[in-house]
1. Enumerate lysine pairs in segment 3-149 that are 8 or more residues apart or on different chains, then count those whose Cα atoms are under 13 Å apart.
2. Would you mind pulling out the separation of the Cα centroids of segment 1-33 and segment 82-126, in Å?
3. By average Cβ neighbour count within 10 Å, what is the ranking of 10-19, 127-136 from highest down?
4. Would you please give the FRET efficiency between A49 and T86, computed as 1/(1 + (r/R0)^6) with r the Cβ-Cβ distance and R0 = 41 Å, to the nearest 0.05?
5. Can you give the direction-averaged projected area of the convex hull of the alpha-carbon atoms in segment 3-149, in nm²?
Amino acid sequence: MDFNALMQQAIRFEEEAHDFYQAAAQMVKSAQAKAMLQELAGEEAKHKAKLQDIVRKGVSWAVPTGKREETIDLKIGDYLMPTSLTAKSDFQDALNVAIRREQASYAFYSSMAQVASPDARPVFEFLATEEMKHKNHVQNIYDQVVYQQF
């Protein structure tokens with residue numbers, strides 16, 4: 001795939017994620033869950049804008065120069081049971097779904113890095129790192145809120 005086709009696919013992916021989080025925020029009753037889902041929807045909108053800027057400004061604009069940033073997956077989500085959101089979903093359910101979605105985003109960008117041209121690969125590696133940061137952010141919230149209840 002060429003760079004522009006990959007970027008258009010990535011933009012669609014971010015739009016779908018934004019729409020999911022917006023719909024999920026309307027579905028849940030927990031104020032805490034609503035706020036977190038709306039925050040995640042806002043992050044997805046920022047991702048889309050960044051991707052559109054990359055298309056307009058080029059690959060070199062998007063990726064910070066210097067040492068590649070490494071992130072470690074906290075893997076909290078690896079031990080959670082899959083769930084879907086309903087009107088009865090609580091904050092824990094919302095966090096669970098968000099962790100799974102962020103993992104899917106990370107996997108998406110990681111796989112795009114494998115098929116991208118050598119000059120575009122750093123963009124998708126950077127985006128994968130950003131998604132892992134988001135997953136870790138949600139996992140930290142899960143650790144601080146859900147695990148503290150036990």
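1. Eligible lysine pairs with Cα atoms under 13 Å apart amount to 4.
2. 10
3. 127-136, 10-19
4. Rounded to the nearest 0.05, the efficiency is 0.85.
5. For the Cα atoms of segment 3-149, the hull's average projected area reads 8.8 nm².
Bear in mind that the values in this text are calculations on the coordinates, not laboratory data. Everything numeric in this text was worked out from a predicted model, so none of it was measured. A quick note on method: Cβ atoms are made from the backbone with ideal geometry, for glycine too, and the neighbour counts reach across all protein chains shown.
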